[in-house]
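Trainee: One structure, pasted below without further comment.
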Amino acid sequence: MGSVELLPVGRRVAYWRGRRKLSQQVFADRLGKSKSWVDKVERGVRSLDKLSTLQEIACVLRIDTSVLVGRDVEAVGTTERGEGVDRIRAAMSRYEIPLGKPAGRQPVLPVDRVLRDVGYAWTAFQHARYPQVIDLAPDLLTNVQRTHAHAPVSGRVPLVEAYRIAAALLVKLGDAELAWLAVDRAMLAATGDRDLVAAAAVQLGQVLRDFGRAREAKSVMLSAAYRIAPSVVEHGTPAELSLCGTLLIQAALAAAQDGNEAAASELIDEAAGMAERVGDGYDHHHTGFGPTAVDLARTAVAVEVGDAHAAIVWHEKATARAGWRWLPAEHRAAHLLDVARAYLHAGMRATPLGC
């Protein structure tokens, strides 16, 4: 974030509001405040001296409270996360393969070994073990690049998957720029393989939405979804339907972010039909797609458009499903953050749910 850390707290609020593409009025509505109150906070006329208010603002902006408060009260692990991101950036900046640099003493790992390493990293990510993934990612990226250089055909899948993991992790860590670089490399490496392109596009949608580029996200997601979609839904494989349905969900979330609630609802309805054919309890292409995931997406859309009541209704339906417990912990945790915003806006207290 650089110089933003040096700004007064009000200016940080304005910065992140701008990053989330929220007008002062929309931001004020989500906080239950007036536009004048927001304007005074951002100009420094009104101070933010209550932690509860800072937490509410951070919740709406989808950032950690420590980002608003500043360096002096950083959450435990913030420095370590920053160092981890730096190591990932370094691993992506070496360009050993195109420059023909020697691998040094490190052996080139066989494809089956890097596939196992990639699978382990995905498992760690989906269990929300982010510090572990941060530690794994730099060496993983280096190894898959070297393996792909020696086995371009069989080494392409682990290369794309490693970049997908890096992009997903970097979105969680708040480094959208580096996440975009990772997902761009995934898309380039996947070119020519319909399934791999669709899988990488899932993370591309997340990155574009994080940048506030909702219209581009919707367009790209729909192109990717209909490219992987079977000509007849009933004939589609669970893997195809999972990728297509997940991309439709990403497009729906982008439409909601762009203020097009009708389009978002239509796209989720289309994804729901595919989800019923896939069922819950599967994780094709690390999507976690199924009927429960669709209900979670309906919650997220409702939160995005400001319908707290609908969000809570969909949340309660989703968490009552058996599929709720089958979802990866990372997926459930992200949902609970979404629904916390809905309860906040509705002025209600959530019933505690385990991740």
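Trainee: Output the number of residues of the stretch 10-26 satisfying the condition of being farther than 17 Å from VAL305 by Cα and in contact (Cβ under 8 Å) with a residue 24 or more places away in the chain. Reasoning before the result, please.
Mentor: Step one: list which residues in the stretch 10-26 are farther than 17 Å from VAL305 by Cα, which gives 10-16, 18-19.
Subsequent filtering for residues that are in contact (Cβ under 8 Å) with a residue 24 or more places away in the chain retains 10-14, 16, 19.
Adding up the residues that qualify gives 7.
Trainee: Looking at the stretch 315-343 only, could you name the residues that are small (Gly, Ala, Ser) and free of Cβ contacts under 8 Å to residues at least 12 places away in the same chain?
Mentor: Matches in the stretch 315-343: ALA320, ALA334.
Trainee: Here is a further query. Sort through GLU276, GLU316, GLU270 and tell me the only one that's more than 21 Å from VAL60 (Cβ to Cβ), surrounded by fewer than 24 Cβ atoms within 10 Å (Cβ to Cβ) and out of contact with any helix residue (DSSP H, G or I) (no Cβ under 8 Å at 6 or more places or on another chain).
Mentor: GLU316
Trainee: Give me the pairs: first residue in the stretch 257-281 and closer than 24 Å to LEU208 by Cα, second residue of a type in the set (Asp, Glu) and in a helix (DSSP H, G or I), beta-carbon distance under 8 Å, and six or more apart or on different chains, which are they?
Mentor: GLN257/GLU304; ALA264/GLU304
Trainee: Additional query: Looking at LEU109, LEU68, which is the one that is modelled with pLDDT of 80 or more and surrounded by 15 or more Cβ atoms within 10 Å (Cβ to Cβ)?
Mentor: Just one listed residue meets the conditions, LEU109.
Trainee: Could you check the stretch 16-54 and list, in sequence order, the residues that are outside any helix (DSSP H, G or I) and polar (S, T, N, Q)?
Mentor: SER23, SER34, SER47
Trainee: Going by the conditions given, is GLU234 more than 26 Å from ASP64 (Cα to Cα), at pLDDT 95 or above and over 15 Å from the mean Cα position of the chain (by Cα)? Full working, then the answer.
Mentor: Numbers: more than 26 Å from ASP64 (Cα to Cα): yes; at pLDDT 95 or above: no; over 15 Å from the mean Cα position of the chain (by Cα): yes.
For GLU234, the condition - more than 26 Å from ASP64 (Cα to Cα), at pLDDT 95 or above and over 15 Å from the mean Cα position of the chain (by Cα) - is not met.
Trainee: Restrict the check to the stretch 141-150 and report whether at least one residue is assigned to a helix (DSSP H, G or I) and closer than 13 Å to GLN203 by Cα.
Mentor: no
Trainee: Same structure, new question: So which of GLY281, GLY306 ends up being surrounded by fewer than 24 Cβ atoms within 10 Å (Cβ to Cβ), modelled with pLDDT under 95 and more than 26 Å from ARG62 (Cα to Cα)?
Mentor: One residue alone meets the criteria, GLY281.
Trainee: So how many residues does the stretch 220-257 have that are part of a helix (DSSP H, G or I) and closer than 17 Å to ILE268 by Cβ?
Mentor: Here is the first cut: in the stretch 220-257, the residues part of a helix (DSSP H, G or I) are 220-228, 233-235, 238-257.
This time we only want the ones that are closer than 17 Å to ILE268 by Cβ, so: 221-222, 224-226, 233, 241-257.
The number of residues fulfilling the criteria is 23.
Trainee: Identify, please: which residue in the stretch 122-162 is farther than 23 Å from ARG332 by Cβ and polar (S, T, N, Q) and is, among those, surrounded by the fewest Cβ atoms within 10 Å (Cβ to Cβ)?
Mentor: Taking the candidates together, the pick is SER154.
Trainee: Another question, if that's okay. Check VAL153, VAL160 and return the single one that is out of contact with any His (no Cβ under 6 Å at 6 or more places or on another chain), β-branched (Val, Ile, Thr) and assigned to a helix (DSSP H, G or I).
Mentor: One residue alone meets the criteria, VAL160.
The values are calculated or read from the model by the stated rules, or taken from the named source; none is laboratory data. Remember, it's a predicted structure, so these values are computed and weren't measured experimentally. Cβ coordinates were reconstructed from backbone atoms using ideal geometry, including for glycine residues, and neighbour counts include every protein chain displayed.
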